[in-house]
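The values are calculated or read from the model by the stated rules, or taken from the named source; none is laboratory data. All of these numbers come straight from a predicted model, not from anything done at the bench. Neighbour counts are summed over all protein chains in view; Cβ atoms, including those assigned to glycine, are modelled from backbone coordinates with ideal geometry.
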Amino acid sequence: MAKQRIILIGCGIMAQQHIARFEAVADRVEITAVVDVVRERAQAVSDLLPNHPPVFTDYHDALSCGDAVLQSLPHHLHAQCVIDCLDAGLHVLSEKPLANTEEECLAMIEAAKRNRRILMVAYCMRYHPLLREMHRLIKEETFGKCFQFSIWTEQLTMLRSEWLGSRKTLGGGQLFSHGCHYIDLMLWMMGNPVRGAHFGTNLGTPWMDREGTSNVCLQFESGALGYHFGTWGARGTKMGYDFQAHCEQGLIQLDFYGGKLIFRCKDPEHIPGKPVTSQETLLMEAIKAKPTAEEMAHFIDCIENGRTPETTPEESLQGLRVIWRLYEAEDAGKLADLRGLGFDGIK
């Protein structure tokens with residue numbers, strides 16, 4: 001089968017990660033154009049690719065060069081670019097978050113339907129093998145029902161572009177830009193939320209004009225709770241990236257940097273028929289997993305086989321609606337009512 005011809009639009013801070021994802025599927029794709037408003041940035045990416053694809057500063061001039069697009073522009077530029085690509089007959093893998101407003105998201109979804117093209121959102125964490133196994137264990141209630149799902153993401157993200165610090169161009173703060181990954185994960189793992197609260201601050205991250213540190217607490221239809229702590233101001237960290245699911249029979253922990261999925265319990269003898277031999281049992285390892293490569297492979301599968309992506313724009317919009325409702329409630333000093341947001345469930 002012929003390789004899929006991919007146009008890369010946007011060569012900013014994510015460019016090196018994009019190169020890694022393409023290297024892993026080099027037998028299935030060819031980058032046929034590289035686009036950035038700063039020609040030098042685009043040229044630097046082109047120089048890293050074996051075929052040295054042509055460089056453009058206006059994406060409109062590149063649309064005839066490919067079959068599909070990986071769009072990685074600043075958030076406020078997502079919508080128009082994606083719609084133009086879809087209208088040109090191209091499939092699109094769009095970086096998260098989908099867009100900065102619901103109106104833009106809906107226009108992108110409508111353009112994909114109108115043109116019968118695939119629009120997939122780059123929530124790469126859902127393609128990580130350890131998170132996929134954690135998802136299976138929770139959904140199948142292998143260790144009983146999950147009653148608390150918690151996520152910590154601690155990193156230092158200094159201001160590298162002006163648009164990253166502005167709520168107008170970023171679409172919000174740390175929660176909207178990065179935490180959208182983990183709101184999406186919580187809905188995927190736990191189902192529909194009913195209420196929640198958000199507290200954010202830019203103390204410690206003065207380059208942000210909205211929050212650089214975020215705390216979210218959610219309650220789900222099942223009665224289970226979810227928590228996410230994310231910061232761009234961590235000058236030191238113990239948790240790093242850590243995911244914990246408290247279940248009726250014990251704790252499922254995913255140490256992201258350590259590449260381990262672990263089950264912890266006080267009394268393993270009371271868990272018959274389960275793969276548990278001690279108070280701490282290693283369930284799975286994937287130390288060098290590259291979810292962006294898995295994500296790109298899935299995108300190609302969808303193009304070639306007409307499959308619906310696992311991370312659809314409709315599901316992306318559901319997660320963004322939660323964030324927007326949390327922001328509104330925070331600004332009003334209230335608890336957020338998360339019912340009636342149009343959820344039909346994230347599979």
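Do the conditions hold for G333, that is, is it small (G, A, S), more than 20 Å from the chain's Cα centre (by Cα), modelled with pLDDT under 95 and more than 20 Å from Q155 (Cβ to Cβ)? Give the steps one after another, and end with the answer.
Working: small (G, A, S): yes; more than 20 Å from the chain's Cα centre (by Cα): yes; modelled with pLDDT under 95: no; more than 20 Å from Q155 (Cβ to Cβ): yes.
When the stated conditions are applied, G333 does not pass them.
How many residues, within the range 157-181, are of a type in the set (V, I, T) and touching an Asp or Glu at 6+ places or on another chain (Cβ under 6 Å)?
Of the residues in the range 157-181, 0 are of a type in the set (V, I, T) and touching an Asp or Glu at 6+ places or on another chain (Cβ under 6 Å).
Quick one: F229 ticks every box in (1) more than 18 Å from the chain's Cα centre (by Cα); (2) closer than 23 Å to Y123 by Cα bar one, so which box is it?
(1)
Output the residues belonging to the range 146-155 that are over 23 Å from C11 (Cβ atoms) and either small (G, A, S) or surrounded by fewer than 19 Cβ atoms within 10 Å (Cβ to Cβ) (or both).
Of everything in the range 146-155, those that are over 23 Å from C11 (Cβ atoms) and either small (G, A, S) or surrounded by fewer than 19 Cβ atoms within 10 Å (Cβ to Cβ) (or both) turn out to be F147, Q148, S150.
Evaluate the following for M284: is it touching a Phe, Trp or Tyr at 6+ places or on another chain (Cβ under 6 Å), outside any helix (DSSP H, G or I) and surrounded by fewer than 19 Cβ atoms within 10 Å (Cβ to Cβ)?
Judged against the criteria, M284 is not a match.
Okay, residues lined up against (1) assigned by TED's automatic domain parsing to the domain that holds G179; (2) of a type in the set (A, V, I, L, M, F, W, C):
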{"residue": "G89", "(1), (2)": "no, no"}
{"residue": "L98", "(1), (2)": "no, yes"}
{"residue": "C105", "(1), (2)": "no, yes"}
{"residue": "A111", "(1), (2)": "no, yes"}
{"residue": "L130", "(1), (2)": "yes, yes"}
{"residue": "R136", "(1), (2)": "yes, no"}
{"residue": "F143", "(1), (2)": "yes, yes"}
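Would it be correct to say that L326 is outside any loop (DSSP other than H, G, I, E, B), at pLDDT below 95, farther than 21 Å from L70 by Cα and not assigned by TED's automatic domain parsing to the domain that holds D67?
For L326, the condition - outside any loop (DSSP other than H, G, I, E, B), at pLDDT below 95, farther than 21 Å from L70 by Cα and not assigned by TED's automatic domain parsing to the domain that holds D67 - is not met.
Provide a single number: the residues in the range 174-204 that are closer than 22 Å to R126 by Cα and either in a strand (DSSP E or B) or not β-branched (V, I, T) (or both).
The qualifying residues number 19.
Would you check if A224 is surrounded by 14 or more Cβ atoms within 10 Å (Cβ to Cβ), at pLDDT 95 or above and closer than 20 Å to L164 by Cβ?
No: the conditions fail for A224.
Which residues, counting only those in the range 32-49, are out of contact with any strand residue (DSSP E or B) (no Cβ under 6 Å at 6 or more places or on another chain) and surrounded by 20 or more Cβ atoms within 10 Å (Cβ to Cβ)?
Hit for the range 32-49 is D36, nothing else.
Hey, could you check the range 188-213 for residues that are farther than 19 Å from G171 by Cα and small (G, A, S) and say which is surrounded by the most Cβ atoms within 10 Å (Cβ to Cβ)?
Per the criteria, the residue is G196.
Has the range 214-222 got any residue that is over 30 Å from L170 (Cα atoms) and assigned by TED's automatic domain parsing to the domain that holds L170?
Yes.
Please specify each residue of the range 91-124 satisfying the condition of being over 24 Å from K168 (Cα atoms) and part of a loop (DSSP other than H, G, I, E, B).
Of everything in the range 91-124, those that are over 24 Å from K168 (Cα atoms) and part of a loop (DSSP other than H, G, I, E, B) turn out to be R116, R117, I118.
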